[in-house]
Amino acid sequence: MTGFINGLILLIVAAISYGTPLMFGTLGEILTEKSGNLNLGVEGIMFMGGAFGLGGVFYYEKLVGENANGVVAILVAILAAFIAGAFASLIFSFLTTTLRANQNVTGLALSIFGTGVGQFTGELMRVKAGGYVTISNGLKVFFSNTPFPKALTDIPYVGQLLFGHSVFFYLGLLLAIGMHLYLNKTRSGMFLKAVGENPATADAAGINVARNKYAATIIGGGISAIGGMIYITSIASCVWNHEGLAGVGWLAVALVIFCLWRPLSTIWGSILFGALMIMYLRFPLPFIPTDIYKILPYVVTIAVLILTSLRNNKDKQPPASLGLPYFREER
Amino acid sequence: MKHEANTPLIRLAKRDAMSGGAIWAIRVGSIVLSLLIGCLVILITGNNPFKAYGVMIQGSLGGKVYLQQTIKIAIPLLGCALAIAPCFKMRFWNIGAEGQITAGALGATLIARLLDGKLPSLPLLLLMCLAAIVAGGIWGLIPAFFKAKWNSNETLFTLMMNYIIIGVVGWLQNGPWEARQGRMAQFSKDATLPKVLGIHCGWIIVLVLVLLMFFYMRYTKQGFEIAVIGDSKNTASYAGMKVGYVMMRTMFLSGAICGITGFIILSGANGTLASNIANGVGFTAITVAWLSQLNPFAMIVISMMLAILTKGADTLQTQMNVPASLSNIIIGLLLFCMLGCEFFINFKMIFRSRKTEKEVDAK
């Protein structure tokens with residue numbers, strides 16, 4: 001029995017570590033979609049975030065050498081990833097909001113472009129460094145280990161469950177709660193939702209539609225990109241690994257639908273999907289081959305897509321104008 | 001001057017039909033712009049951009065063998081773009097071409113494993129192609145069914161279907177169908193497409209498909225239905241079209257053509273099935289389809305252009321140590337510029353000038 005419980009705790013801890021990148025990816029996309037922009041470029045944004053986040057820490061450590069500080073390194077990584085994602089989303093916003101291009105195709109283009117940029121940057125850093133890019137073990141622990149003291153994590157059972165995760169998980173929790181409060185309790189959050197639901201009405205009420213769309217998409221893209229950075233620095237242990245990152249961004253887009261555009265639901269939603277991603281390693285079943293077991297998250301996503309489309313509940317719908325362009329002149 | 005506050009600096013207005021020459025000038029200009037931005041990326045790597053583009057052209061077109069390899073890359077891109085065109089025309093965002101290619105190849109492999117050696121080459125190849133059509137078609141039909149029935153999100157559905165079929169092929173490759181070290185056995189000569197002019201005859205198949213697709217989209221009732229649904233589903237319903245049925249039919253067709261593409265890659269180029277058989281073709285083909293404005297003949301040019309970029313970037317990697325993913329960056333830039341340039345074709349900008357202010361005052 002203790003063996004089973006320990007196994008379960010290990011699975012949950014692993015699920016949370018695989019779920020954290022998804023949580024950021026999903027939260028960013030929720031903010032974007034609340035403005036009515038459907039940015040399908042999350043996959044590319046997370047690639048860019050991963051490559052630039054890793055690059056940020058790598059060059060920071062190269063610059064300061066032995067004196068590298070873990071907290072500063074984390075901030076550098078977050079900032080580098082955020083800027084990369086914000087830049088990618090700026091391209092998206094400019095094309096769809098100002099130049100009125102189709103959101104679906106622009107998002108797909110951003111996916112192709114972003115995965116290209118991410119992989120290119122990752123490989124280029126490897127070539128330039130002559131060998132492979134990684135950071136020192138002393139710095140790595142700041143990204144993958146818990147920020148809490150050993151006394152707390154050593155509490156039997158609950159210690160690992162509550163305090164055993166990387167600092168990013170706790171940041172993600174704060175972000176989810178913050179976004180929930182922003183969208184539901186603040187004036188500017190309400191304005192943003194109004195733009196996503198009915199831009200014409202929002203415009204008539206004096207809300208600047210374009211500015212809201214730009215701001216939400218750019219900040220949302222930055223947050224999604226941080227998810228990519230977390231994947232590379234914690235799960236891929238600071239080595240560029242495009243195969244591991246492939247597909248995470250798309251799962252994040254699916255998770256937005258699964259969580260019904262609610263920031264708080266991303267907390268358990270992303271842990272659940274993290275568990276689905278890692279089950280084949282931590283919970284192998286002898287009668288299911290690994291290759292088949294690995295497709296579990298995608299099968300569940302399809303089931304979720306079908307189920308959410310079946311239930312036509314009014315308050316469980318996407319923002320009404322999601323994916324639709326808004327031209328004031330065509331009202 | 002009191003009206004100045006009300007007149008924005010730039011106003012937009014829908015443009016009347018622009019002349020064909022001007023439209024193409026803008027489009028070619030946007031392609032040149034994206035290549036120029038690509039120069040900046042090459043500069044970052046510390047190489048001379050013009051030399052790099054020279055190497056890319058040399059490596060993709062500068063010799064018979066290189067040209068043949070480039071055309072080999074273009075064949076599946078063209079085939080798959082033709083498959084995507086009717087879906088996108090219908091505003092059905094099928095990004096599952098990757099999986100439909102894999103499903104088609106899986107269907108064809110099944111036939112090859114059952115009947116290779118028992119049938120002569122031609123009927124065997126025809127049966128393989130038929131199996132690919134059915135398998136690819138069904139893989140495309142499943143998401144369309146749910147879209148038609150319950151309006152589930154087709155973009156994510158088709159995408160997830162990719163991972164599923166790729167996982168299934170990965171299992172077959174590492175398990176029941178494994179020949180040695182995670183690879184399946186190579187097909188016999190009977191199950192391989194014959195060569196015409198040094199390249200497997202898949203190029204003839206896709207060129208025939210270009211003609212058929214052009215005819216289908218422009219001159220048939222079904223093509224018209226697709227166009228109407230793309231413009232407005234409500235209009236289509238009022239006109240008595242069965243939107244759900246047309247959606248399912250079109251997605252079966254799209255999946256079937258992807259299946260044929262999978263069969264061509266399988267039997268023409270690779271000679272064996274592997275889980276990475278589609279290798280990103282399904283995604284790049286979206287770019288081909290959109291850059292060609294869904295025009296089948298333009299797709300021939302664009303697929304060649306992207307094949308030149310892909311093959312050229314490979315050469316660039318071996319010769320100048322520039323990562324081959326450069327091709328994806330330039331393809332992305334191409335798409336951005338082409339998407340952006342449509343704005344200047346469809347709208348004109350009216351700048352605030354003294355003349356308009358006077359007109360306003362006069363009113």
Would you list A:Lys140, B:Lys51 from fewest to most Cβ contacts within 10 Å? B:Lys51, A:Lys140
Using only alpha carbon pairs under 8 Å that are at least six residues apart, calculate the relative contact order of chain B and give it in whole percent. 35
Note down the net charge around A:Phe58, summing +1 for each Lys or Arg and -1 for each Asp or Glu among other residues with Cβ under 13 Å from its Cβ. +3
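Taking the Cα centre of the protein assembly as shown as origin, work out the dipole magnitude from +1 charges on Lys and Arg Cβ and -1 charges on Asp and Glu Cβ, in debye rounded to 20.
On the way: 50 positive and 28 negative charges, 243 e Å.
Taking the Cα centre of the protein assembly as shown as origin, the dipole is about 1160 debye.
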Rounded to the nearest 500, the 222 nm mean residue ellipticity computed for chain A from DSSP H runs (n ≥ 4, each -39500 (n - 2.57)) alone is -23000 deg cm²/dmol
For the stretch B:227-243 and the stretch A:34-92, write down the distance between their C-alpha centroids in whole Å. 44
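With +1 on each Lys and Arg Cβ and -1 on each Asp and Glu Cβ, and nothing else charged, work out how big the dipole of chain A is about its Cα centre, in Debye to the nearest 20.
Details: 20 positive and 14 negative charges, 106 e Å.
With only Lys, Arg, Asp and Glu charged at Cβ, the dipole is about 500 debye.
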Can you give the angle from 0 to 90° between the axis of helix B:20-44 and the longest principal axis of chain B, with both taken from C-alpha atoms, to the nearest 10? 70
Taking the alpha-carbon centroid of each part, what is the distance from the stretch B:87-105 to the stretch A:218-277 in angstrom? 25
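Checking the a/c ratio against 1.5 first, then a/b against b/c, what shape does the Cα gyration tensor give for the protein assembly as shown? Don't skip to the end; give the middle numbers.
Values: a/c = 1.37, a/b = 1.04, b/c = 1.32.
Judged from the Cα gyration tensor, the protein assembly as shown comes out rounded (a/c under 1.5).
Just list whichever of A:Lys128/A:Lys213; A:Lys294/B:Lys89; A:Lys128/B:Lys72; A:Lys294/B:Lys118; B:Lys118/B:Lys195 have alpha carbons separated by over 27 Å in the model shown.
Details: A:Lys128/A:Lys213 38 Å; A:Lys294/B:Lys89 34 Å; A:Lys128/B:Lys72 32 Å; A:Lys294/B:Lys118 36 Å; B:Lys118/B:Lys195 22 Å.
Long pairs (Cα-Cα over 27 Å): A:Lys128/A:Lys213; A:Lys294/B:Lys89; A:Lys128/B:Lys72; A:Lys294/B:Lys118.
Please rank A:Phe82, A:Phe87, A:Phe113, fewest neighbouring Cβ atoms within 10 Å first, as an exposure proxy.
Working: A:Phe82 24, A:Phe87 17, A:Phe113 27.
Ordered from fewest to most neighbouring Cβ atoms within 10 Å, A:Phe82, A:Phe87, A:Phe113 come out as A:Phe87, A:Phe82, A:Phe113.
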Taking the Cα centre of the stretch B:75-298 as origin, sum charge times position over the Cβ atoms of Lys and Arg (+1) and Asp and Glu (-1), and report the length of that vector in debye to the nearest 20. 240
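Going by a ≥ b ≥ c, the root eigenvalues of the Cα gyration tensor, does the stretch A:25-250 fall in the rounded group (a/c under 1.5), the prolate group (a/b larger than b/c) or the oblate group? Mind showing how you got there, number by number?
Details: a/c = 2.46, a/b = 1.42, b/c = 1.72.
The shape class here is oblate.
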May I ask for the angle, rounded to the nearest 10°, between helix A:248-258 and the longest principal axis of chain A, with both axes built from Cα atoms and the value confined to 0 to 90°? 60
Would the stretch B:36-160 count as rounded, prolate or oblate if I go by the C-alpha gyration tensor, calling it rounded below 1.5 in a/c and otherwise prolate when a/b exceeds b/c, oblate otherwise? oblate
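Sort A:Trp261, B:Trp150 by Cβ crowding within 10 Å, fewest neighbours at the top. Could you put the intermediate results ahead of the total?
Working: A:Trp261 22, B:Trp150 15.
Ascending number of Cβ neighbours within 10 Å: B:Trp150, A:Trp261.
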Tilt, helix B:221-231 to longest principal axis of chain B (alpha-carbon atoms), in degrees rounded to tens, equals 50
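Read-outs throughout are calculated quantities, based only on the coordinates presented, and are distinct from any laboratory measurement. Because the structure is a prediction, the values reported are computed rather than measured. Because the Cβ atoms are built from the backbone with ideal geometry, glycine has one as well, and the counts that use them run over all protein chains shown.
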